[in-house]
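Trainee: Take this structure first; my questions come after.
Every number in this text was worked out from the coordinates using simple rules, so none of it is lab data. Being a predicted model, the structure only gives us computed values, none of them experimental. Note that each Cβ is placed from the backbone with ideal geometry, even for glycine, and that neighbours are counted across all protein chains shown.
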């Protein structure tokens, strides 16, 4: 018994649920019994359910589990109570079994984590703010089973082009979104939550909302997601991207939302290359797609790059430099032209979005050549650049090219704000209040009822 490695792993049948829906959990366990603990993560961790002595069984991992899923049977299920609050929920699986004398305290433990998103109930009092979580990004980076959409941690250095949600994945919420969520709840903001896929499958979640948020690293978007959000903005809805590398890659949802495909640099292997090149699962800014993310977000990765964070590729303070301090975004900050903010917490970090800039009388303006709306107001900027290897993959990228991290906004029906960086939330957990004040200004201004009375039309 001392050589036996206990394990338990699982995944849910859907990425998101509404109260009252049946949740099915697929589990593989080397022990005959395991426990389940479900918690909501926010400014505090709240345990909402515990189930002991769940019967377990061990199932094989298919060779193509990364792309096609595990195919494990349902190990446990329950109906989500109506009273549960919308949010991000974590499932803790744990095995407890008697060991031998070589095991500390005569017990051995094995545990793993899965997640799901709880959408708001249609019968509940909805928040004016909807936070859509970057669940497509979680799946893209998940290499469980051997492969992800990245070669650096793929088996044999191989990059996949299709990833399944039907496999264990602990998510990336704690890295990217949790600092923002914790700050928002402590600051008194009520948020409703949804997944990336919900923007495509449940556009009714946008109806009546004043503000939609994207936070952290919201990299992978389907055409359905984007179409619905752009319609929402046209009808007066507001969006705030407290994120970077946002809406970078076009993906296709497959298997009724249980897998996504993105061929990336190998776009000519995508069946859409022969059938409908506008739907290529590659960069939204690719010349064959002709729909740069700038048209929605105001900024894009091609004119952004990397800055100082996590050992990345550029020196500097990780701060933004202010260029239009009179704007309402900077209310109560006392910032002046040329002042820097956020450097203490490296808010300009890992990956950054920018736009093509022209300088006039000492102020930056968008050229509009890259898809950024001419009405886009550049409020603050920081220098950024690509990794030298990036130019090997994308024809539009030149070795040594330098760009910008750009914070700004524009109006087209509703208002769209962008922070232009993955690491904005770092400034909400530090000791300096400037980022805190700016974020509150944006939420308070844009979370009021939409400026246009036209309801969002579900297509």
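Trainee: Angle check, please: helix 223-234 long axis (alpha carbons) against the longest principal axis of the chain (alpha carbons), in degrees 0 to 90, nearest 10.
Mentor: 50 degrees
Trainee: Tell me what the chain gives for mean residue ellipticity at 222 nm when only DSSP H runs of n ≥ 4 count, each as -39,500 (n - 2.57), the sum divided by the residue total, rounded to 500 deg cm²/dmol.
Mentor: -3500 deg cm²/dmol
Trainee: May I pose another question? Could you tell me what percent of the DSSP beta bridges with both partners in segment 179-322 are antiparallel, to the nearest 5?
Mentor: The antiparallel fraction comes to roughly 30 percent.
Trainee: Counting alpha carbon pairs within less than 8 Å and at least 6 residues apart, what relative contact order, in whole percent, applies to segment 8-118?
Mentor: In percent, rounded to a whole number, it is 36.
Trainee: I would also like to ask the following. With semi-axes √(5λ) of the Cα gyration tensor in Å as the read-out, I listed [x] 58, 30, 18; [y] 38, 25, 22; [z] 62, 21, 21; which label goes with the value calculated from this structure?
Mentor: [y]
Trainee: Something else now. Given contacts defined as C-alpha pairs under 8 Å and at least six residues apart, what's the relative contact order of segment 146-235, whole-number percent?
Mentor: 19 percent
Trainee: Can you list, bin by bin at 10 Å, the percent of alpha carbon pairs in segment 4-56, starting at 0?
Mentor: So the P(r) values, bin by bin, are 19, 47, 30, 5.
Trainee: I would also like to ask the following. For a quick check: sort 386, 221, 424 by the number of other beta carbons within 10 angstrom, fewest at the front.
Mentor: 386, 221, 424
Trainee: Defining a contact as two alpha carbons under 8 Å apart and six or more residues distant in sequence, what relative contact order in percent does the chain show? Please list the in-between numbers first.
Mentor: Values: 1204 pairs, mean separation 64.5, N = 459.
Contact order relative to length: 14 percent.
Trainee: Please give the helix 434-446 orientation as an angle from the longest Cα principal axis of the chain, in degrees from 0 to 90, rounded to the nearest 10.
Mentor: Once rounded, one gets 90 degrees.
Trainee: I've got another one for you. Please rank 11, 273, fewest neighbouring Cβ atoms within 10 Å first, as an exposure proxy.
Mentor: The order, fewest Cβ neighbours first, is 273, 11.
Trainee: Further question on the same structure: Among 227, 353, rank each residue by its count of other Cβ atoms within 10 Å, from fewest to most, as a rough exposure measure.
Mentor: If I rank by nearby Cβ atoms, fewest first, I get 227, 353.
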